[in-house]
1. Select from segment B:263-308 the residues that are surrounded by fewer than 19 Cβ atoms within 10 Å (Cβ to Cβ), among the small types (Gly, Ala, Ser) and more than 15 Å from B:Ile204 (Cα to Cα) and list them in ascending order.
2. Can we say A:Gln311 is surrounded by 13 or more Cβ atoms within 10 Å (Cβ to Cβ), under 21 Å from A:Arg24 (Cβ atoms), in contact (Cβ under 8 Å) with a residue 12 or more places away in the chain and not aromatic (Phe, Trp, Tyr)?
3. Identify all residues within segment B:109-152 that are closer than 30 Å to A:Pro246 by Cβ, without any contact (Cβ under 8 Å) to a residue 60 or more places away in the chain and either charged (D, E, K, R) or outside any helix (DSSP H, G or I) (or both); write none if there are none.
4. Just to verify a result, which residue in segment A:75-108, among those that are free of Cβ contacts under 8 Å to residues at least 60 places away in the same chain and in a loop (DSSP other than H, G, I, E, B), is nearest to the other protein chains (Cβ to nearest Cβ)?
5. In segment A:20-40, which residues are open to solvent by 20 Å² or more (accessible area, probe 1.4 Å) and touching a Ser or Thr at 6+ places or on another chain (Cβ under 7 Å)?
6. So A:Asn203 fits all but one of (1) more than 15 Å from the chain's Cα centre (by Cα); (2) closer than 21 Å to A:Ser132 by Cα; (3) within 14 Å of chain B (Cβ to nearest Cβ); what number is the exception?
7. Please go through segment A:161-180 and pick out each residue that is more than 8 Å from every other protein chain (Cβ to nearest Cβ) and within 19 Å of A:Glu91 (Cβ to Cβ).
8. Hey, among B:Gly163, B:Gly178, which residue is in contact (Cβ under 8 Å) with a residue 12 or more places away in the chain and either part of a strand (DSSP E or B) or open to solvent by 10 Å² or more (accessible area, probe 1.4 Å) (or both)?
Protein chains: 2
Amino acid sequence: MGGKNMHILIIGAAGMVGRKLTERLVADGRLGDAELSVLTLVDVIDPPVPDGFAGEVRTVAADVSSPGEAGSLIASRPDVVFHLAAIVSGEAEADFDKGYRINLDGTRFLFDAIRLEGVKAPYKPRVVFSSSIAVFGAPFPEKIGDEFFLTPLTSYGTQKAMGELLLADYSRRGFFDGIGIRLPTICIRPGKPNKAASGFFSNILREPLVGQEAVLPVGEDVRHWHASPRSAVGFLLRAATMDLEPLGWRRNLSMPGLSATVGEQIEALRKVAGDKAVKLIRHEPDPFIIKMVGGWARDFDTGRAESLGFQAEKSFEEIIRAHMEDELGREV
Amino acid sequence: MGGKNMHILIIGAAGMVGRKLTERLVADGRLGDAELSVLTLVDVIDPPVPDGFAGEVRTVAADVSSPGEAGSLIASRPDVVFHLAAIVSGEAEADFDKGYRINLDGTRFLFDAIRLEGVKAPYKPRVVFSSSIAVFGAPFPEKIGDEFFLTPLTSYGTQKAMGELLLADYSRRGFFDGIGIRLPTICIRPGKPNKAASGFFSNILREPLVGQEAVLPVGEDVRHWHASPRSAVGFLLRAATMDLEPLGWRRNLSMPGLSATVGEQIEALRKVAGDKAVKLIRHEPDPFIIKMVGGWARDFDTGRAESLGFQAEKSFEEIIRAHMEDELGREV
């Protein structure tokens, strides 16, 4: 095995998931049976060059929503394309034009660049598209099943749902071999506290683990859907390597995750880091965030993804321990 | 009532449904409480000028998928916009670029033209978008419910599903007051037999009713989902006048229809027109059409649309009688 040399293109490589994916690919040096020879990292800002990669690394500052950019990237005919680039929910809501340009047009330009490259000479890469649970909008059942309809309540969710439809159609037409995966909320997000409305789910664990205070703006009974950055990378690698035949033309899947209340998150923190850590969580209810979170998905039935081998954490302790190992260099 | 003068814009006015809608609007001279003062009829070819309309009729040959065209049409600020324009399933499958240009870009240009008109001065028309049951793709349950997910198996169905998402998002953002309605297969389609794979559902009734032979390419046990042209117009008028508040942001609805087998169609023909008519149906199985039809929706649960006052025929005899009254000038 391992004879094949593989070229991987990551669009959105400077984002959190993109960086985690890059780290993992560099550490593995391979994807499935194939050795990595070229890693092309693209983002609107020059992505960081990873250390320790035996093959060739190309970093490119490019915006795939600018006409022509996607075509240049695809001209080198990568074997696998990870499309992780997007502007986030808040920004897509605040700037309508930018949201549609980056999240919809960018995706379509990329998919079309692949289609048109295939007109020059046969070309059918694997395309892995990161979608989001934002494609779902309340009201929904307590557990959202694999056949529940998509009724996004944000422009971001709308753009992701449209990307999913394009991906399925372009796959069906044979232009590429695509799979879209709907990531749960990533927890614990590494880095500094951010202003995202969902940031507190990570903040209330990450900050106390290093002796810092964190603000909890909602009640402890709030239930949400989580997976660790490590699981997210695992999903992407599985999506890039698995046989897609069993999916038929239903190429978009809700990924497994862990449904947990904030109270359960806090109890897991207590088990791992003690009462001292829990005392660093300051309760400061924020009516605006409470209202937003009320419309978010709480739980999923992801039987389809699980039957296809996708796996996430089973407890919040596992999620916290993964963070400590991956980010804090502590064995737990 | 009736003080308000209304301007209605129909895009796709030369198509079968567009012509039926125009006829009905001209006959009524009003929409809901409002008198019609202007009727703008748009299609890629100049639509026919209807007779007997008291107000002003404008016919325009325009393609909303050409940049700028939609803006010109919307500059006159119609109160209601019916967006019925599309290239059909077979053509969108045969010509990939054309399908996305007309069915996706055309819809987006139109919606954006309305959004941008609203930037000049407040403007929020009613937008009625004709979608299709082609947004659903097999496998599906025997009855497709209101919350079943959209997995189109054609580029046409993909483009309609993307249009639905845009419509919901633009409505949520307050750019217009939109509703998308998924029409059943229209039966009996007036006119000549056409080459559409679904044409036989109409042909086997329409032709024998006027003493002509028709070919049945599938078995009598094939079940499908139908509504008359008269019902389709009724759906459009209801969508244009109803209060949309009860829909929330779930602005796309499967319309009611009649689920019937080909055998049931034939028995209805026998009741209305006798054995002589039925004998004009020639059974010529076509493996290609049999395979296609196997992937089509057979039945729906349209409780949501029904609770909102949408109604279709309850028997195929009703559908046949509607055709005879509307097309053949025969009272039954």
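The values are calculated or read from the model by the stated rules, or taken from the named source; none is laboratory data. Because the structure is predicted, anything quoted here is derived from the model rather than measured. Glycine gets a Cβ as well: all are built from the backbone with ideal geometry, and neighbour counts include every protein chain shown. When the accessible area is computed, the model is the full protein with side chains, heavy atoms only, and any ligands, DNA or RNA have been set aside. Shrake-Rupley method; radii C 1.70, N 1.55, O 1.52, S 1.80 Å.
1. The answer is B:Gly294, B:Gly295, B:Gly303, B:Ser307.
2. Details: surrounded by 13 or more Cβ atoms within 10 Å (Cβ to Cβ): yes; under 21 Å from A:Arg24 (Cβ atoms): yes; in contact (Cβ under 8 Å) with a residue 12 or more places away in the chain: yes; not aromatic (Phe, Trp, Tyr): yes.
Yes: the conditions hold for A:Gln311.
3. Just the residues of segment B:109-152 that are closer than 30 Å to A:Pro246 by Cβ, to begin with: B:131-152.
Okay, now just the ones that are also without any contact (Cβ under 8 Å) to a residue 60 or more places away in the chain, so B:132, B:134-135, B:139, B:141, B:147-152.
Listed by number, the residues that qualify are B:Ser132, B:Pro139, B:Pro141, B:Glu147, B:Phe148, B:Phe149, B:Leu150, B:Thr151, B:Pro152.
4. A:Asp95
5. A:Gly32
6. Every condition holds for A:Asn203 apart from (3).
7. Here is the first cut: in segment A:161-180, the ones more than 8 Å from every other protein chain (Cβ to nearest Cβ) are A:163-164, A:167, A:170-171, A:174-180.
Answer for segment A:161-180, where residues must be more than 8 Å from every other protein chain (Cβ to nearest Cβ) and within 19 Å of A:Glu91 (Cβ to Cβ): just A:Gly163.
8. On the way: B:Gly163 fails: either part of a strand (DSSP E or B) or open to solvent by 10 Å² or more (accessible area, probe 1.4 Å) (or both).
Selected residue: B:Gly178, the only one of B:Gly163, B:Gly178 that is in contact (Cβ under 8 Å) with a residue 12 or more places away in the chain and either part of a strand (DSSP E or B) or open to solvent by 10 Å² or more (accessible area, probe 1.4 Å) (or both).
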